[in-house]
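Some notes on the structure that comes next.
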Amino acid sequence: MGTGILTIDLDAIAANWRALAALSRAQTGAVVKADGYGCGAALVAKRLAREGARRFFVATAEEGAQLRIALGDGPEINIFSGHMAGDTAAIRDHALIPMLNSPEQAARHRSALPGHAYGVQLDTGMNRLGMEAPEWAATRTDLEAGPLTLIMSHLACADAPDHPLNAAQLAAFTAMTAGVSAPRSFAATGGILLGPDYHFDLTRPGVGLYGGAPFDAARAVVTLSLPVVQIRDVAPGETVGYAASFTAKRPTKIVTLSAGYADGLIRYMSGKARLFAGGTACPLAGRVSMDLLTVDVTDLADIPAHLDILCAQQGVDALADVAGTIGYEILTSLGGRYQRAYIGA
Ligand SMILES: *Cc1c(COP(=O)(O)O)cnc(C)c1O
């Protein structure tokens with residue numbers, strides 16, 4: 001077996017969903033965009049549907065169409081990017097619910113698919129997606145006529161509880177949705193942790209389901225084990241890998257592992273990340289290559305057949321820290337070459 005083994009614990013995802021649902025003073029949905037944050041949207045959503053999730057969110061209509069095929073009829077599938085040109089057939093055929101982001105999208109949706117359910121996304125200060133207050137004011141009467149299933153907005157700084165934009169966005173959302181009878185949704189993972197004022201009728205966690213910050217109480221979801229391709233002895237003064245960036249200072253044992261930046265182990269980790277053999281940390285030696293890593297295992301008594309880069313000792317956020325990124329990016333970069341193994345499928 002020449003590829004890494006990515007183990008995805010669906011029981012842990014289910015436990016994280018239940019924990020976030022218990023914190024939510026509201027119905028709890030699930031965000032499964034970007035192939036379920038790299039964990040496999042179809043299996044994740046099917047499992048969460050069994051746990052009781054009824055409202056799913058993805059980024060695009062294409063993702064929504066695939067998810068509908070996996071989930072079957074019943075659960076709601078909401079599309080953050082709304083109704084884009086070319087989306088009409090997918091939205092109609094797969095019963096998707098676009099979050100309308102602009103008066104243009106609203107006009108497109110209501111002329112292409114009269115009577116087809118939609119949500120509205122409002123911009124409350126992030127300036128990324130959603131209608132501005134004047135656009136909403138101008139279209140509100142028409143759009144409230146429905147079928148309007150959800151009105152939502154998104155927080156820019158929910159992972160920073162003290163940031164003043166949180167309260168400002170909350171005030172804006174509250175004001176813009178006063179008197180609306182459709183259910184309201186405001187909080188993703190970070191917003192759930194900000195407390196019940198942020199929960200409204202439906203929360204929509206993503207990263208916390210998959211074991212990522214800011215949900216520090218999350219159970220870990222992914223384990224990534226990489227097979228040893230070769231072991232060699234390197235003499236003091238010899239170098240390892242591209243650009244000869246690692247020089248052995250002592251008689252050194254180097255293992256070459258099968259995985260590299262093409263698998264989402266980004267090159268910036270070079271010289272910083274650690275691999276684990278049981279509880280023992282072994283440093284990367286030299287550059288990350290496209291398909292290979294070289295690791296200094298001199299201090300190991302026994303060299304195992306696999307070393308772990310995501311495991312109990314180093315979760316997605318710890319690996320993200322040394323890679324100069326966030327857990328979200330580590331998860332969504334997990335490569336297509338890994339053999340995926342599911343716990344609890
Ligand atoms: C990605 C996303 C979410 C989920 O956010 P997490 O921080 O992963 O919980 C919720 N709402 C919107 C609009 C999003 O883009």
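The values are calculated or read from the model by the stated rules, or taken from the named source; none is laboratory data. Small disclaimer: the values here were computed from a predicted structure and weren't measured. Backbone-built Cβ (ideal geometry, glycine too); neighbour counts: all protein chains shown. All accessible areas refer to the heavy atoms of the entire protein, side chains included, with ligands and DNA or RNA removed. Shrake-Rupley method; radii C 1.70, N 1.55, O 1.52, S 1.80 Å.
Quick notes on this structure:
- With the simple spin-label model, which puts each label point 7 Å out from Cα in the Cβ direction, the ALA235 to ALA175 separation comes to 7.5 nm.
- With Cα atoms, 0 to 90° folded angle of helix 103-112 axis to the chain main axis: 70 degrees
- Counting Lys and Arg as +1 and Asp and Glu as -1 over every other residue whose Cβ lies under 12 Å from the Cβ of HIS154, the net charge comes to +1.
- Extension gain from SER333 to ASP197, taking 0.36 nm per residue of separation minus the Cα-Cα distance: 45.6 nm
- Bridgeable lysines around LYS249 (alpha carbons under 28 Å apart, same-chain partners fewer than 8 residues away excluded): LYS272.
- P(r) of the stretch 10-210 over all Cα-Cα pairs, binned every 10 Å from zero, in whole percent: 9, 38, 37, 15, 1
- Residues of the stretch 185-215 with amide N under 11 Å of a point placed 7 Å along Cα→Cβ from ALA168: none
- Base-10 log of normalised Debye intensity for the chain (one unit scatterer per alpha-carbon) at q = 0.07, 0.12 Å⁻¹: -0.36, -0.86
- Between MET290 and ALA312, the contour length at 0.36 nm per residue exceeds the alpha carbon distance by 5.4 nm.
- Amide H contacts of LEU310 (H built 1.01 Å from N, under 5 Å, at least 5 apart or other chain): LEU224
- Partners of LYS253 within straight-line reach, counting aspartates and glutamates whose Cα lies under 14 Å from its Cα and excluding those fewer than 8 residues away in the same chain: ASP233, GLU238, ASP296, ASP299, ASP302.
- Top of VAL207, VAL58, VAL229 by mean-square fluctuation, Gaussian network on the chain, Cα under 10 Å: VAL229
- Each other residue within a Cβ distance under 12 Å of ASP35 adds +1 if Lys or Arg and -1 if Asp or Glu, for a net charge of 0.
- Local charge for THR7 was computed over the other residues whose Cβ lies under 12 Å away, with Lys and Arg +1 and Asp and Glu -1, and equals -2.
- Amide H contacts for ALA341 (H built 1.01 Å from N in the peptide plane; partners 5 or more residues away or on another chain; cut-off under 5 Å): LEU6, THR7, ILE8.
- The residues of the stretch 222-343 expose, per residue, 47 Å² of accessible area to a 1.4 Å probe.
- Efficiency of FRET between ALA85 and ARG54 - r from beta-carbon atoms, R0 22 angstrom, step 0.05: 0.15
- Looking at the stretch 3-64, the pairs of alpha carbons with a distance over 20 Å make up 26% of the total.
- Three principal axis extents of the stretch 183-299 based on alpha-carbon atoms, in descending order, are 66, 27, 22 Å.
- Once the C-beta distance of LYS272 and ASN127 is scaled by a Förster radius of 41 Å, the resulting FRET efficiency is 0.75 to the nearest 0.05.
- Per-residue ³J(HN,Hα) for the stretch 280-290, Karplus 6.51 cos²θ - 1.76 cosθ + 1.60, θ = phi - 60°, Hz, x for Gly and Pro: 8, 7, 10, x, 4, 10, x, 6, 6, 9, 4
- Report note on the peptides 38-48, 20-30: ranked by the mean count of other C-beta atoms within 10 Å, highest first, their order is 38-48, 20-30.
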